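Remarks on the structure that follows.
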Amino acid sequence: MKKDILSKIEERKITISVVGLGYVGLPLAIEFARSGIKVFGYDVDDKKVEQINKGISYVKDVSTDELRPLVEKGLISATNDSSILSQVNGIIVAVPTPLSKTKDPDLSYVIKAAHDVKSNLKKGHIVSFESTTYPGTTDEIILPLLEETGLVVGKDFFLAFSPERIDPGNKKYTVKNTPKLVGGVEPASTEVVSKLYTIALENVVPVSSSRVAEAAKLLENTFRSINIGLANEMAIMCNILGIDVWEVIEAAGTKPFGFMKFYPGPGIGGHCIPIDPIYLSWKLKTFNYTARFIETATDINSNMPRYVVSRIQDALNEKTKSLKGSRILVMGVAYKRDIDDVRESPILDVITLLEEKGATVEYTDPHVPWVDINGKLIESNMNPDYSSYDIVVIGTDHSTFDYNRIYREAPYIFDSRNALRNHGIKDTESKIVTL
Ligand SMILES: NC(=O)c1ccc[n+]([C@@H]2O[C@H](COP(=O)([O-])OP(=O)(O)OC[C@H]3O[C@@H](n4cnc5c(N)ncnc54)[C@H](O)[C@@H]3O)[C@@H](O)[C@H]2O)c1
């Protein structure tokens, strides 16, 4: 069976299905289609299915110009019917792995997808799960479910975990040229699933097990969470000491070895960095072990919106103004520069806290025309009069903002990203307060 499958892959005589056509699934589907493989996307969201079949992209990293020709050539199509999985050779799952309300891993999407795979599993199937999760998910939960069919892994079908590392908005490292880890639940699975990815991706890195691949992804994102947490705490400590944290980071960054620059900000956001480390600490709790670094970083990072609001309050106080009754413009609500994703964005928390304290808040974000804050839909003011606010808060440092104009026109600015100085603006009028 393995030899057969490997030669089918070699000859490109295969089709695949990507389950979950979101920020991760769609760019991946595009790469396989570009390499000439027919991709049948499966998503439970009818709107996404309809848009893909019309050749319209809803993911910022994928342009409609890229997608449409692939749809027209019949290389990509989408459906909401899971039976498509029985008609392809490869199945790649990229569904969400969020946290529940009680901050526990919510594997319900992965389990639903695994049930769909199980109902359609056939001899020769190659299955890869990409959704970030804790070590053990693939061999403890997914494998037993799939083997309930009577099919045997490594003999009848192949199963691996291959974490997605895509960094939305990153032009240099895309899904194609970011090395792809593949860890099978047994050696033949590692070999076959790795081979599948080599069709579309430049660099596939096999590892010894699905658990190693799961843990590696969590280490990467925990590393980021902890280092951002350190930068955030450094900002708090430098403020107490009256030292400019941004200059400190640049100074430390001149060391050519043993140091990497991380920057403070209003907190962490997105579907990965705030969530993934908690998957790891949750798993360790089941072994009565407390993941202390993760807990500390999560605590510091999740308190940053509150800290930012206290600093805005202090800044207004300096001008003998109260936060209550102030008019505030928040610039940028996406969780990071030049993207449209507001999932877990800490700037939404900043806005909520400012409003709770009695400020009137508007926001502007060229990438986010409207946003839902606690069930209330707020529209972006796309043409704000900077001079009309008591303070302008830089929440996200989008590159399209006209920082010179903001500096000229706004009476007072709280810059949580050091964006104005990074754009060469010298604060000759002492109207910028940085984090
Ligand atoms: N967004 C990122 O930057 C990023 C980076 C690396 C890894 N990841 C991981 O990749 C996974 C997917 O994240 P995403 O950002 O693409 O999520 P997303 O919400 O953008 O996309 C997920 C898609 O899956 C669909 N879906 C949900 N349940 C389904 C089911 N049972 N069957 C079929 N379709 C289903 C949804 O409708 C949605 O279109 C997560 O585990 C995430 O942690 C995300």
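All of the numbers you see were taken from the coordinates with simple rules; none came from a lab. Here the structure is a predicted model, which is why all the values come from computation and not from measurement. Positions of Cβ are generated from backbone atoms using ideal geometry, with glycine treated the same way; all protein chains shown enter the neighbour counts.
Looking at the chain, the DSSP beta bridges with both ends there are about 15 percent antiparallel.
Calculated over the stretch 360-435, the projected area of the Cα convex hull averaged across directions stands at 5.2 nm².
Rg then Dmax, both in Å and based on the Cα atoms of the stretch 15-54: 9.4, 26. The calculated Kirkwood hydrodynamic radius for the stretch 223-434 is 17.9 Å, given to one decimal from all distinct C-alpha pairs.
About its Cα centre, how strong a charge dipole does the stretch 2-208 have in debye, to the nearest 20, once Lys and Arg get +1 and Asp and Glu get -1 at the Cβ?
480 debye
Between the C-alpha center of the stretch 49-128 and that of the stretch 192-264 there is a gap of 28 Å. Bridging of residue 321 to lysines at a Cα separation below 19 Å is possible for 357, 431, once same-chain residues fewer than 8 apart are set aside. The value given for the stretch 175-247 is a Kirkwood hydrodynamic radius of 14.7 Å, derived from the mean inverse Cα-Cα separation. Computed on the stretch 53-93, the Cα convex hull volume stands at 95 Å³ per residue.
Rounded to the nearest 20, the size of the Cβ-charge dipole of the chain about its Cα centre is 660 debye, with Lys and Arg at +1 and Asp and Glu at -1. For the stretch 226-328, which chymotrypsin sites (Phe, Trp or Tyr not before Pro) are both in a DSSP coil and crowded by at most 14 other Cβ atoms within 10 Å? Qualifying residues, ordered by number: 257, 259, 287, 289. From largest to smallest, the equivalent ellipsoid semi-axes obtained for the stretch 2-208 from the alpha-carbon gyration tensor read 24, 20, 17 Å.
Placing one identical point scatterer on every Cα of the stretch 131-286 and ignoring solvent, what is log10 I(q)/I(0) from the Debye formula at q = 0.09, 0.11, 0.19, 0.21 Å⁻¹? Evaluating at q = 0.09, 0.11, 0.19, 0.21 Å⁻¹ gives log10 I(q)/I(0) of -0.41, -0.57, -1.18, -1.30. Computed from label points 7 Å out along Cα-Cβ, the spacing between residue 257 and residue 46 is 6.2 nm. A Förster radius of 41 Å, combined with the Cβ-Cβ distance separating residue 237 from residue 104, puts the computed FRET efficiency at roughly 0.80. Please give the FRET efficiency for residue 176 paired with residue 320, using the beta carbon to beta carbon distance and R0 = 45 Å, rounded to the nearest 0.05. E(calc), rounded to 0.05, equals 0.25. Only lysine pairs 8 or more places apart, or on different chains, with alpha-carbon atoms under 21 angstrom apart are counted in the stretch 136-221, and they number 10.
Using every Cα-Cα pair within the stretch 1-107, state what percent have a distance larger than 24 Å.
27 percent
With unit charges on the beta carbons (Lys and Arg positive, Asp and Glu negative) and the dipole taken about the Cα centre of the stretch 169-222, which residue among 218, 193, 174 sits farthest to the positive side? Comparing the listed Cα positions along the dipole, 174 ranks first. Semi-axes of the equivalent ellipsoid of the chain are 44, 24, 19 Å, computed as sqrt(5λ) over the eigenvalues of the C-alpha gyration tensor in descending order. Across the stretch 203-317, the relative contact order, built from alpha-carbon pairs under 8 Å that are at least six residues apart, equals 34 percent.
Where in the stretch 345-376 does the amide nitrogen come within less than 18 Å of the point 7 Å from the Cα of residue 402, taken along Cα to Cβ? Flagged as within label range: 364-367.
Summarised in one figure, the compactness ratio Rg/Rh of the stretch 221-267, Cα atoms and Kirkwood Rh, is 0.97. Largest GNM mean-square fluctuation among 255, 118, 195, using the chain with Cα springs under 10 Å: 255. Taking label positions 7 Å along the Cα-Cβ direction at both residue 203 and residue 310, the computed distance is 4.2 nm, reported to one decimal.
Computed over the stretch 254-312, the percent of Cα pairs more than 13 Å apart is 70.
Using bins of 10 Å that start at zero, the share of Cα-Cα pairs per bin across the stretch 107-205 amounts to 16, 46, 30, 7, 0, in whole %.
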